[in-house]
Amino acid sequence: MTIRIPQSRLLCSITFLTILLGTSAVRAEPPRPVGSATDELRWHFDQVLATAQTPSFRALDTNGRRAEIRRITRGFFNWTEMSRRALGVLWGERSGAERRAFATSFGALAERAYMGQVEQLSARAVPRDPVRYLDEWTSGRHAFVRTVLMYPQAMPVDFLMSRGAARWEVHDVWVDGVSATANYGAQFRRVTANESFAALAERMIAKASSAPGDTRVASQR
């Protein structure tokens, strides 16, 4: 069964989130919070209000912005866990080396999804209150945070997070009720239904290394 994804809304949200997460590396960072998952999200989001439109960030070329974003999101998004969720039973059949390589490619593919719109989005004025925090559900080391992004349009975005050794990490993102890992997982299953896991890995690498644009690993049917 094909899962239909509002792709443009998903990419738009991830683009904005990436700007929020990435621009804090351009300026001196205030002390990190030690608290809830919402506190972690708010800390990142607050940074962009003072930096997204600064000349220092605008002066970076695409590669420079990508390097800054990659450095920040590598610690905030847990690509290994997100890969495990997307692959499902296939994850348990893979070797440690295959898992590490796949998680790296998965992170690069997600990066490619938003980099195509970074230039356009970073040139726009970000409102003073771009995020509304609705509520947080916590169970032990896990939390689910509900928010609404108010820019460039109102859109519900929810975060599944887990507490690591030093910070909260994102394990999945829902945009308009659609899970990012479920989105990619549906594509992965379509590929592996007819091709090998090695073929899927090759597709991931090819997509991640190509120019920004269509990020689908499997064609829509």
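The values are calculated or read from the model by the stated rules, or taken from the named source; none is laboratory data. Predicted model, so just to flag it, every value in this text is computed and none were measured. Here the Cβ positions follow ideal geometry from the backbone for every residue, glycine too, while neighbour counts run over all protein chains shown.
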Here the residues within segment 172-184 that are in contact with a strand residue (DSSP E or B) (Cβ under 8 Å, 6 or more places away or on another chain) and buried (at least 19 other Cβ atoms within 10 Å of the Cβ) are ASP172, VAL173, TRP174, VAL175, SER179, ALA180, THR181
Condition test on ARG167, is it under 24 Å from ARG141 (Cβ atoms) and either in contact (Cβ under 8 Å) with a residue 12 or more places away in the chain or loosely packed, with under 15 Cβ neighbours inside 10 Å (or both)? yes
Of all residues in segment 73-107, how many are in contact with an Asp or Glu (Cβ under 9 Å, 6 or more places away or on another chain), of a type in the set (Ser, Thr, Tyr) and closer than 16 Å to SER179 by Cβ? 0
Looking at (1) in contact with a strand residue (DSSP E or B) (Cβ under 7 Å, 6 or more places away or on another chain); (2) surrounded by 22 or more Cβ atoms within 10 Å (Cβ to Cβ), which is the only condition SER162 fails? (2)
Filter segment 187-211 for residues that are out of contact with any Ser or Thr (no Cβ under 7 Å at 6 or more places or on another chain) and under 26 Å from PHE159 (Cα atoms); the one that is surrounded by the most Cβ atoms within 10 Å (Cβ to Cβ) is PHE188
Those residues of segment 109-150 which are at pLDDT 80 or above and among the charged types (D, E, K, R) amount to ARG132, ASP135, GLU136, ARG141, ARG146
Name every residue in segment 143-164 that is assigned to a loop (DSSP other than H, G, I, E, B) and closer than 21 Å to GLY107 by Cα, in order of residue number. GLY164
